[in-house]
Amino acid sequence: MVIHTPRLALRPVEQSDAPALLDAMRCPLVHQMHSDGFHSLAHVQRYIDVLIGEYAQGKFRTLGIAHKPEDKLIGMITIDEQAVFSRVELGYWIHLDWRNEGYATEAVSAVVEDCFAKGRANRIQALTSNPASARVLEKAGLRYEGTLRQYFGKGNGFADVRMYAVLQGDCRAGAAQKNIP
């Protein structure tokens with residue numbers, strides 16, 4: 001499974017991406033998204049082996065976000081499909097050196113469009129405690145739905161998160177409004 005945008009290819013992660021993934025761990029926000037993070041190239045390579053095994057089974061839950069000109073991994077996106085609820089939950093990150101260029105918005109928008117076009121879900125949602133990520137979600141068409149108080153354990157305390165979502169009907173309504181003369 002590969003999703004193309006003008007600047008990006010959302011594609012399976014490969015062993016050649018291991019150094020870029022390890023380098024991304026220098027950002028604490030990326031590091032925390034991978035449980036205890038990755039501390040060595042061997043650890044990253046084992047993680048990629050798990051992903052490659054999932055791809056072999058037809059499970060494309062986690063994709064690399066690659067910058068097309070160099071096919072360089074600049075981020076990752078997780079598409080956690082919960083078919084029984086007709087829902088997809090997104091998680092993503094962009095490498096510190098590639099932020100503030102619109103890549104996250106481009107990737108999230110492409111996944112939303114792809115999921116709805118393929119009928120994978122009626123609802124796409126994401127949780128965030130990061131204001132920059134909230135702006136990405138809003139630009140990609142997701143709406144703020146509320147705050148989940150003390151939703152995640154963080155260090156010795158708890159963190160609130162904001163829930164964002166878009167429904168397939170929201171996208172159809174938006175498309176219809178754009179076609180109004």
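Here are a few things to note about the model shown:
- Rg/Rh for region 88-179 (Cα atoms only, Rh after Kirkwood) is 1.01.
- Counting only DSSP beta bridges whose two residues both lie in the chain, roughly 90 percent are antiparallel.
- The residues of the chain present an accessible area of 55 Å² per residue when probed at 1.4 Å with all protein chains retained.
- For Lys72, the amide hydrogen comes within under 5 Å of the amide hydrogens of His67, counting only partners 5 or more places away or on other chains and with H modelled in the peptide plane.
- The apolar share of the surface of the chain, taken as the fraction of accessible area on carbon and sulfur atoms (1.4 Å probe, ligands and nucleic acids excluded), comes to 52 percent.
- Within region 100-148: Cβ-based charge dipole about Cα centre, in debye rounded to nearest 20 (Lys, Arg +1; Asp, Glu -1): 180 debye
- All lysines inside 25 Å of Lys118 as judged from Cα atoms, apart from same-chain residues fewer than 8 positions distant: Lys59, Lys68, Lys139, Lys178
- Counting every alpha-carbon pair across the chain, the share separated by more than 28 Å comes to 24%.
- Residue order by solvent-accessible surface for Tyr144, Tyr92 is Tyr144, Tyr92, largest first, with ligands and nucleic acids left out and a 1.4 Å probe.
- Here the relative contact order of the chain, from alpha carbon pairs under 8 Å that lie six or more residues apart, stands at 17 percent.
- Membrane-span-like helices in the chain (whole DSSP H runs, Cα extent of at least 20 Å along the helix axis, mean Kyte-Doolittle hydropathy of at least 0.5): 103-117.
The values are calculated or read from the model by the stated rules, or taken from the named source; none is laboratory data. Computed from a prediction, not measured in an experiment: that's the story for all the values here. Counting neighbours? That spans all protein chains shown, and the Cβs are built from the backbone with ideal geometry, glycine included. Surface areas here come from the heavy atoms of the whole protein model, side chains and all, with no ligands, DNA or RNA. Shrake-Rupley method; radii C 1.70, N 1.55, O 1.52, S 1.80 Å.
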